[in-house]
Amino acid sequence: MNVEKLMLELEQRHPGESEYLQAVREVLTTVEEAYNQHPEFETNKIAERIVEPDRQFTFKVTWVDDLGQVQVNTGYRVQFNNAIGPYKGGLRFHPSVNPSILKFLGFEQIFKNALTTLPMGGAKGGSDFNPKGKSDREVMRFCQAFMTELWRHIGPETDVPAGDMGVGAREIGYLYGMYRKLALENTGVLTGKGMTFGGSLIRPEATGFGAVYFLVQMLAKQGMDIRGKRIAISGFGNVAWGAAKKATELGAKVVTISGPDGYIYDEAGLDAEKIDYMLELRASNNDIVAPYAEQFPGSKFVAGRKPWEVAVDIAMPCATQNELGGEDAKQLLANGVQIVAEVSNMGCRPEAIEAFLAAKIPYGPGKAVNAGGVATSGLEMTQNAQKLNWTAEEVDAKLHQIMTSIHTACLEYGTEADGYINYMKGANIAGFMKVAKSMVEQGIL
Amino acid sequence: MKQAIENYHSGERYRFMKYRIHRILLVCSSYDGYILEEDGHIESQINREYMELNLSNPPALTRVSSTREALELLEKDSSFDFILTMYHVGEVDVFTFGKLVKERWQIPVALMTPFSKDIYRRIDERDRSGLDYIFCWHGNTDLIIAIIKLIEDKMNAEEDILQGGVQAILLVEDSIRFYSTYLPELYKMLLQQNTEFLRDAFNEQQQILRKRARPKVLLATSYDEAVMLYENYKQNLLGVISDVGFVIHPNDPPESERLDAGIELCRHIKRDNPLMPILLQSSQIDFRQTANTLGAGFIAKNSKTLLLELQDFIRKEFAFGDFIFKDPATGREVGRAKDLLQMQEMIATIPDAAFEYHTSQNHLSKWLYSRGLFPLAAKIRKHNKSLFSSTDEHRRSLVNAIRDYRTLLGQGVVARFDTETYTDAVAFARIGEGSLGGKARGLAFMNSMLIKHRQYDKYPGVRILIPRSVVIATEFFDDFIRENGLSDILAQELSDEEILAEFVASAIPQRLQEALRTYLSTVRTPLAIRSSSKLEDSHFQPFAGIYSTYMVPYTPNRAQMLRLVLRAIKSVYASVYFAESRAYIQSSQNLISEEKMAVILQEVCGSEQEGLFMPTLSGVARSINYYPIGDERAEDGVCNVAMGLGKLVVDGGRTLRFSPAYPQRVLQTSTPELALRETQHEVLALDLNPAAFRSSIDDAVNLRRLRMTEIAPLRHTKHVTSVWDRDNERISDSPFDQGRRIITFNNILKYNTFPLAEIVADLLHIGAEEMRCPVEIEFAVNLDVPTGQEQIFNLLQIRPIIDNQDNRSIDWAKVQPEQALIYGEQALGIGRMSDLHEVVYIKSEHFSSLVTERIAEELLALNLRMQQEGRSYILVGPGRWGSSDPFLGVPVKWTHISEAKVIVECGIPSFVVDPSQGTHFFQNVTSLGVGYLTINPFRGEGIFRQEWLDHHEAHYEGEFLRWVHFEEPLMVAIDGRANRGIVMLPDAEKK
């Protein structure tokens, strides 16, 4: 594979689709070396085939707003790759939606899904409809109109959409209702459904729980145990809460949480009561953590700073994109951090990642560590197919198993000559390899 | 002359006041008309005045609501002597109207308009030749009496003064605002003096003479005019009150004003007559020394006690007059009555001899006639002794007649508070004389509108009404200040705490305490003690939210409750003089001495639970929305609601915004992310523990801020909240779900469990129609009522919002945004500006949501400097300006940015601006004529060339702010209706 040559052709074929082209370049560059060790890929033109979606639908969505005015939006579904399982990927309702963005997202989704080790292909869809400022009824009418077209292209064994920006439980409900009416069937055609009609348990916790399961594997690989380890967690939302809860349950000592206002340092570590209090903080609708320090006198609130200045064994960024910068990484390393497990999407800046890799500190990238979120979609599909609802414990057990498999896959492709495990490389390649191999095995289609 | 004086004293009849105004055409909107009638009983005041002068045919007022109607009427009947018009009176503007009238009918026309810089700017720019006089009006009806008197005095001056020997006061003042303030006070003093004179009159004829011969006021607006009037009438002048700076010749432009013309006039007069009393007034206290040297009095115009000092000056020669009951045998005084109530009491108690004496002499009816109480006077005159079998019966009849009359007076919309007749059935009562203040006026007006438009029972199961209110009129504020000698304290520079301490330690007049005791015996709920100042909330006066509103819990112990209420009233009075209020009054070019406070006592809407009291929801709604979203139109209006007490909304806290036209489309709850992040996160409730109401400059001292986690047990909660269903990651509106509460108002807005949007839309519509301008209302709703009882919608306040009318001349097709320093398509504002030289901006690279409070501090200091240097500026920085949440923007209050004439909320990539919605902040922004732009240049919404400014030398540069000064003014054009605004690059820099 010659990435440059391939990109040149692709740019000629899809001029102006900058987001999509950028994503393709990034993925291909990452896997180039591994790819070129597989002559069967080159012969089968896997790279050329994998970058093109299997098919994409563009359709008109016509609906009537509350004023009786006719509104027209554009709907899309990009079915990218179903080599390892039914197309699977979110629907996005946002004014910025266009074919280029959906192709970019759909392309990345192939490898994210593959990394979970579950049988899920890659897809993405959506519309330029903006649910912001719309009434419930307008959202409902739009969703119904959208599904009136989409329903003929999806199915529990064909294509299983989920939510994304602008598509939450409410929209999934309306979409599912319309699908059920049109298809005259009650199947797991969408994930993210309500608990009363096929949704799965522990969705809010899945990402955080999964991250800790992955961390446990990382530690084990280093011959370490999570018990007694000091962990810095950022954020105090669902993900941070799930991670803190699971880590504490497993015997770790979570010493920080954070908010936009600063961070809390709790020397004694979080316990069940404190973890419950995180939910209460959340429920205050105030997006600050400072009150924690008033509630628990042993802790202190550090205004306007990030928790990475605290000396810990493990850092788990759980809050936002780019929340851990180069300086933060230096500080963590200077304080003797032993493992970094990135839970938030792109939580670490590139210079921070470089610093960790240079220091040979195991760094788990977000796409692997937070794959628990994606995995629950797969688990919802499984339950729907079985016509069963698992208990929380059953879902949790499956999640644990999946995270272990992801870790194993990362090891397979990320272990370097000196024994250092480059999880980022491993995660990037593992997903790709699985899809590429299955494409080879299934012939030229 | 000597002969005239002798004639006067001997009582020989001279025909004073030969020329009079018989018919007045009043052109004003129904809101202004209402204020005239309710606030001051204008017709009865005029009638009283004429009765006292024993003149027949008091002027009849004919009111029309637009210039168009006026012209139509004049076509049919042009026999009006005088036309008085307000500013906002329809399509033919007042300037054109005046000219039309002049050309066709030669009738004098006076314009009476509230003070607004914007309007005054327009007045300055327009051809005023059609207007004989311009007066500045704060809703005080005595100004209208003063105008009539002034015109009549001028008509009769020559004959009455020179031939009749009438005395006069010369007022030299070229400022519309000042003479509009002085004239009513002067006339009030003159009337009091006149009454005093009557006591030593020898006979009735002389009384009439003296009544008719009350001193006149001569107004001069230039030096030449003043000298001419002085020379003409100097033999009969009581004294001179003069400004220091004014123009030399009549109709000279204001900028040619000579700064010491008054000093020159003073010298001129003192040379002629060293004993002539002269009072000089100026905002520059440096002139005090000069005035003293010349033997003249001096008042600082910006003195906090200006009017009190003026009164003192004039009081030296004038006094009051009561009805004095005498023992006919001895002539000894056995009692006196100052007003009808006291008259009623005295009639019941004076000795028989005195009673018989005064009734047989018709003294009572005469006294009543002289006060303009014509029907009562006529009735009492008919109560001849022969009709009654005993003196007691006669007395009872008179007492009843007076009481009935008083009750009749109180049965209007604004009843007079009567300790004997007051019951909780009286919705709106006033205690005392004087103005009701802006807030109370608006409320009284809406009360009448609710009845007129039959809103109160429009929706089944819902009662729409104003809360039962009692207004303490401004008279008691004056009494309180005077009786406690607080004017001295006000002259000192004291901290807010010291001022409050002095006020709280002072005594409320006994008469008021008596009335309050009666009122409190009917009260069973907590009370809100709200300011209703003379300046606040009157047309174009953005005082909203400046003064304090205290809340007092209900306690069964009456003495305790009275004590709490008195403390709250004193605290509200004190808030007039708090630093923030003073700065505000100064920045809005008002005079603190003009400010008088009425106080509203209102039952608080809501219910009690666990020692806390609150309504289900409170809100503020505006009939015009400068920030419409999606399909919303500006005229649909906008509403912000919050659970609990409304202080949260009024102070710009986090509330829920919706358009009354689209209650189903609420931006903040349209996605779960927004609902979780952007909805209300604290609820205000009144702490019912009396001990919590401590003396404090913080009017929220006894309010509790409840966190979201504390509201679940409250009964109100179920009406306004939804639940975050964590497992399903959705908002559940089911009343039975448990979990994190979100105040969405979904039950009300989506499922219409209460017709909130309809009611708000109705009231905004009615208010705007009747006031003929956009309005803002405040309201509270209580849904926590026992089954079967009506839910309550309380209208708490209504006030006009200034809307700019003559802003349509900008042709945006010709405007080139590429030549802009700043350009935006989300704008509200006021037309063109060409006098701004300063740009202040927050250096975006130093901006972060964590330093907003420090930015506010730096801005406060810079703004103060601008104020001291008399500069105005364009302010640019990441918004939302005026947000009380430092994470949402720089938490400025009005005093931080009072000198900014254009404010730009400029988003940066890390800080996208959603337009501010703090209502009071925006009331001020719009009313004071500030241009407002919201732009997000980084995503192509608008332009702000910061790099260009960065390349210019800084006039000042601090940690966060940079100030660039331009020699040439920057051209600014803002058009709120087209939603665009632009600040042009200086000519030399244009590309």
Lone qualifier among A:ALA283, A:ALA290 - being surrounded by fewer than 18 Cβ atoms within 10 Å (Cβ to Cβ) and hydrophobic (A, V, I, L, M, F, W, C): A:ALA290
Can you confirm whether A:GLY262 is more than 14 Å from chain B (Cβ to nearest Cβ), farther than 22 Å from A:GLY366 by Cβ and in contact (Cβ under 8 Å) with a residue 12 or more places away in the chain? no
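Name the single residue, out of those in region B:694-710 being within 29 Å of B:SER531 (Cβ to Cβ) and within 14 Å of chain A (Cβ to nearest Cβ), that is surrounded by the fewest Cβ atoms within 10 Å (Cβ to Cβ). I'd like the intermediate steps shown before the answer.
Within region B:694-710, the first condition is being within 29 Å of B:SER531 (Cβ to Cβ), and the residues that meet it are B:694-706.
Next, only the ones that are within 14 Å of chain A (Cβ to nearest Cβ) stay: B:705-706.
Numbers: B:ARG705: 14, B:LEU706: 17.
Among those that are within 29 Å of B:SER531 (Cβ to Cβ) and within 14 Å of chain A (Cβ to nearest Cβ), it is B:ARG705.
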Of the residues that make up region B:294-312, is at least one part of a strand (DSSP E or B), of a type outside the set (Gly, Ala, Ser) and modelled with pLDDT of 80 or more? yes
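Name the single residue that is nearest to B:SER30 (Cα to Cα) among those in region B:721-754 being more than 9 Å from every other protein chain (Cβ to nearest Cβ) and crowded, with 20+ Cβ neighbours inside 10 Å.
Among residues in region B:721-754 that are more than 9 Å from every other protein chain (Cβ to nearest Cβ) and crowded, with 20+ Cβ neighbours inside 10 Å, the one nearest to B:SER30 (Cα to Cα) is B:PHE754.
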Qualifying residue in region A:147-163 (condition: under 30 Å from B:ARG657 (Cβ atoms) and crowded, with 24+ Cβ neighbours inside 10 Å): no
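Return the residue satisfying two criteria in turn: it lies in region A:157-190 and is in a loop (DSSP other than H, G, I, E, B) and within 12 Å of another protein chain (Cβ to nearest Cβ), and of such residues it is modelled with the lowest pLDDT. Step through it out loud before you land on a result.
Step one: of region A:157-190, the residues in a loop (DSSP other than H, G, I, E, B) are A:157-158, A:163, A:165-166, A:168, A:184-190.
Of the ones still in play, those that are also within 12 Å of another protein chain (Cβ to nearest Cβ) are A:163, A:165-166, A:168.
Numbers: A:GLY163: 92, A:MET165: 84, A:GLY166: 87, A:GLY168: 90.
So, considering only residues that are in a loop (DSSP other than H, G, I, E, B) and within 12 Å of another protein chain (Cβ to nearest Cβ), the one modelled with the lowest pLDDT is A:MET165.
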Sole exception among (1) buried (at least 17 other Cβ atoms within 10 Å of the Cβ); (2) out of contact with any His (no Cβ under 7 Å at 6 or more places or on another chain); (3) touching a residue at least 40 places away in the same chain (Cβ under 8 Å); (4) not hydroxyl-bearing (Ser, Thr, Tyr) for B:GLY611, by number: (1)
With a cut-off of at least 3 residues that are surrounded by 15 or more Cβ atoms within 10 Å (Cβ to Cβ), name the helices (runs of 4 or more DSSP H) lying wholly within region A:1-100. A:3-13, A:18-35, A:46-50
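With the condition being free of Cβ contacts under 8 Å to residues at least 24 places away in the same chain, more than 26 Å from the chain's Cα centre (by Cα) and surrounded by fewer than 19 Cβ atoms within 10 Å (Cβ to Cβ), I'd like the helices (runs of 4 or more DSSP H) fully within region B:60-131 carrying at least 1 qualifying residues.
By residue number, B:67-76, B:94-105.
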Could you check how many residues of region A:306-345 are farther than 19 Å from A:PRO365 by Cα and surrounded by fewer than 15 Cβ atoms within 10 Å (Cβ to Cβ)? 3
Residue by residue through region A:191-206, note down the ones that are more than 23 Å from A:ARG92 (Cβ to Cβ) and assigned to a loop (DSSP other than H, G, I, E, B). A:LEU201, A:ILE202
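Which residues, counting only those in region B:652-665, are within 8 Å of another protein chain (Cβ to nearest Cβ) and either within 30 Å of the chain's Cα centre (by Cα) or buried (at least 24 other Cβ atoms within 10 Å of the Cβ) (or both)?
Going residue by residue through region B:652-665, those that are within 8 Å of another protein chain (Cβ to nearest Cβ) are B:662, B:664-665.
Answer for region B:652-665, where residues must be within 8 Å of another protein chain (Cβ to nearest Cβ) and either within 30 Å of the chain's Cα centre (by Cα) or buried (at least 24 other Cβ atoms within 10 Å of the Cβ) (or both): just B:ARG665.
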Taking region A:137-154 and the residues there that are free of Cβ contacts under 8 Å to residues at least 40 places away in the same chain and farther than 24 Å from A:LEU67 by Cα, the one that is nearest to the other protein chains (Cβ to nearest Cβ) would be A:TRP151
For region B:669-693, give me the residue count where each residue is polar (S, T, N, Q), at the interface with chain A (Cβ under 10 Å from one of its Cβ atoms) and touching a residue at least 40 places away in the same chain (Cβ under 8 Å). 3
For A:ALA244, state whether it is part of a helix (DSSP H, G or I) and within 12 Å of chain B (Cβ to nearest Cβ). no
Assess whether B:LEU183 counts as being surrounded by fewer than 23 Cβ atoms within 10 Å (Cβ to Cβ) and either outside any helix (DSSP H, G or I) or not assigned by TED's automatic domain parsing to the domain that holds B:ARG23 (or both). yes
For A:THR404, work out the one condition from (1) buried (at least 24 other Cβ atoms within 10 Å of the Cβ); (2) over 26 Å from A:THR187 (Cβ atoms); (3) of a type in the set (S, T, N, Q) it doesn't fulfil. (1)
Restricting to region B:933-983, give me the number of residues that are in contact with a helix residue (DSSP H, G or I) (Cβ under 8 Å, 6 or more places away or on another chain) and of a type in the set (Lys, Arg). 3
Of all residues in region B:387-411 being at pLDDT below 80, in a helix (DSSP H, G or I) and not charged (D, E, K, R), which is surrounded by the fewest Cβ atoms within 10 Å (Cβ to Cβ)? B:LEU408
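In this structure, is B:THR717 polar (S, T, N, Q) and within 14 Å of another protein chain (Cβ to nearest Cβ)? Give the derivation first.
On the way: polar (S, T, N, Q): yes; within 14 Å of another protein chain (Cβ to nearest Cβ): yes.
Yes, satisfied.
The values are calculated or read from the model by the stated rules, or taken from the named source; none is laboratory data. Quick caveat: nothing in here was measured; it's all calculated off a predicted structure. Positions of Cβ are generated from backbone atoms using ideal geometry, with glycine treated the same way; all protein chains shown enter the neighbour counts.
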